[in-house]
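Working notes for the structure below.
The values are calculated or read from the model by the stated rules, or taken from the named source; none is laboratory data. Worth saying up front: this structure is predicted, and the values here are computed from it rather than measured. Here Cβ is always computed from backbone atoms with ideal geometry, including for glycine, and neighbour counts include all displayed protein chains.
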Amino acid sequence: MPQDEAPPALAVPKRQLYAVIAAALLAMLLGALDGMIVGTAMPQIVGELGGFDRLSWVVTVYLLAIAVTTPVWGKLGDMYGRKGAFAISIVVFVLGSVLSGAAQDMTQLIVFRALQGLGAGGLMVGALALIGTLIPPREQGKYQGVMSAVMGLAMVSGPLVGGVITDQLGWRWCFYVNVPVGALALLLISGLRLARTPRSGARVDYPGVLLLAVAVSALVLVTTWGGRELAWTSPVLLTVAVCGVAALLALLVVERRAEAAVLPLALFRTANFSLITLVGLLLGAVLTSAVTFLPILGQSSQGSSATGSGLLLLPMFGAMVLVGLFAGRFITATGKYKIVVLLGGFFLVAGSFLLVPVDRDTSPYFSGACMAALGIGMGLLTQTTILISLQSAPVEDLGAASGAATLARTLGGSIGVAVSGALFAGAVSRVPAPDSAAPSPEGAATLDPAALAQLPAAVRESYQSAVAQGASHVFVFTGVLAAVALAAAFFLREVPLRSAGAPQDSEGSASTGAGHTGPVESRNGKRNST
């Protein structure tokens with residue numbers, strides 16, 4: 001076991017346990033809320049700092065740093081202590097936030113956002129790994145709904161909070177607001193005491209870290225640039241893609257031999273872990289695409305305001321939160337999770353395909369019902385996929401497992417929104433503008449209701465129909481992804497959830513002795529007292 005760690009079901013006072021859970025939820029909120037708050041402040045940031053041509057890098061470099069460091073933080077927690085790794089990631093994130101808020105030009109902001117992303121990569125992973133250490137999978141369902149509620153709160157309130165902060169305090173406070181929240185999270189975990197165990201003698205897998213960074217960076221850059229800043233056939237983009245594929249192949253070779261692999265391939269020998277990682281990747285693509293394009297559909301096709309389009313998402317996020325609470329209690333009471341994943345996949349498919357015909361004339365009640373169906377699927381899957389990932393991994397690899405699961409969802413979101421964006425732009429660009437003086441069709445998605453109202457009726461209707469058609473293509477795409485996730489869920493094995501830190505066999509089932517508290521055999525052959 002890593003230093004400063006103990007197996008799940010560690011006997012800690014309830015007060016400490018609740019404090020750690022609160023700290024974990026605050027960290028999740030920080031990571032999920034930051035991007036949405038900052039996005040609202042972008043116009044003011046550009047107005048003060050300039051550098052409009054590099055604006056996209058403020059977002060890209062942050063997401064890139066998160067994707068690259070997510071599995072690294074998980075592995076560092078496994079090797080050197082999950083509490084320590086979690087605390088350091090919070091400190092790095094807060095430091096990056098302070099420096100970003102103090103940036104004097106766009107170059108500084110991009111650099112400091114990269115630092116902020118380095119810390120953000122460990123927030124979700126650290127929170128999940130620490131919860132997995134203290135709470136056995138059988139009991140984690142009790143807290144699943146609260147986690148879903150936190151994520152839903154971030155998605156719903158992010159743009160609104162960002163707008164209020166920007167208008168009342170200025171864009172710099174979109175970063176400074178992270179300081180008190182991060183400090184509170186650190187204070188809450190400061191009293192946690194975990195049993196000391198010998199530090200792992202394995203060395204950090206530097207070649208694996210480097211190759212993983214190159215592979216993930218290439219994937220994020222290709223999906224971010226492709227079809228937007230660069231053509232898909234651009235020599236630069238093709239070169240980045242080739243480098244990414246080469247790094248991935250080299251990573252598979254290196255990780256098979258590494259003593260303490262940053263991404264242990266042994267995890268994927270467990271069928272349940274591989275399947276649920278695939279489900280999580282597809283869920284990330286569906287969730288990100290829906291959150292991105294439903295507001296565009298509301299504003300540019302149905303004429304909603306920015307606030308109104310946010311409110312239109314309430315059925316989805318409300319259903320997501322309520323169903324997440326139910327799913328967690330059901331799993332805790334019964335120990336059954338496969339039916340939850342199957343139902344989640346079914347509602348994800350149904351919600352996606354029901355949204356395909358939605359256009360500017362669709363009743364808001366029907367749209368809300370479709371979004372609620374999609375939200376039910378998300379609520380059933382969002383935390384259940386993480387729970388199964390942790391359940392399917394050996395105790396000593398909980399950090400690596402949470403890192404892999406979070407990375408899969410992050411990459412799924414990046415790939416999903418890139419493909420969805422290409423489908424959306426392709427549909428809109430095929431609709432010719434009836435007036436040469438009108439804006440180009442590609443700009444239809446960015447027209448707010450006020451700008452749309454200034455257009456001639458025929459032009460406005462043409463653009464609104466184009467946006468609705470583009471959105472329908474997006475939901476056909478997400479429906480297909482959801483169907484693949486549902487198919488993968490059928491092959492999951494119903495393995496009894498651990499009630500303590502029992503080791504697992506190669507198929508993901510817990511070894512005999514659910515109350516196991518003796519020494520745990522690690523993969524390198526050392527026996528660690530727990």
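Observations on the model:
- Put simply, of 251, 275 the only residue that is assigned by TED's automatic domain parsing to the domain that holds residue 490, touching a residue at least 40 places away in the same chain (Cβ under 8 Å) and under 29 Å from residue 386 (Cβ atoms) is 275.
- Checklist (1) without any contact (Cβ under 8 Å) to a residue 40 or more places away in the chain; (2) hydrophobic (A, V, I, L, M, F, W, C); (3) surrounded by 24 or more Cβ atoms within 10 Å (Cβ to Cβ) applied to residue 316, failing item: (1)
The rows are residues; the columns are (1) closer than 25 Å to residue 68 by Cβ; (2) modelled with pLDDT of 90 or more.
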site	(1), (2)
346	no, yes
351	no, yes
391	no, no
400	yes, no
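- Tallying residues that are of a type in the set (D, E, K, R) and either closer than 30 Å to residue 131 by Cβ or modelled with pLDDT of 70 or more (or both) within the range 25-57 yields 2.
- Scanning the range 251-271 for residues that are surrounded by 12 or more Cβ atoms within 10 Å (Cβ to Cβ) and out of contact with any helix residue (DSSP H, G or I) (no Cβ under 9 Å at 6 or more places or on another chain) yields 259, 269, 270, 271.
- Hey, residue 423 closer than 22 Å to residue 486 by Cβ and in contact with a Pro (Cβ under 8 Å, 6 or more places away or on another chain) or not: no
- Within the range 451-482, considering residues that are hydroxyl-bearing (Ser, Thr, Tyr) and either modelled with pLDDT of 85 or more or not assigned by TED's automatic domain parsing to the domain that holds residue 375 (or both), the one surrounded by the fewest Cβ atoms within 10 Å (Cβ to Cβ): 472
- Residue match in the range 58-73 (condition: modelled with pLDDT under 85, more than 28 Å from residue 399 (Cβ to Cβ) and assigned to a helix (DSSP H, G or I)): yes
- Residue among 248, 278, 283, 287 that alone is closer than 29 Å to residue 348 by Cβ and more than 18 Å from the chain's Cα centre (by Cα): 248
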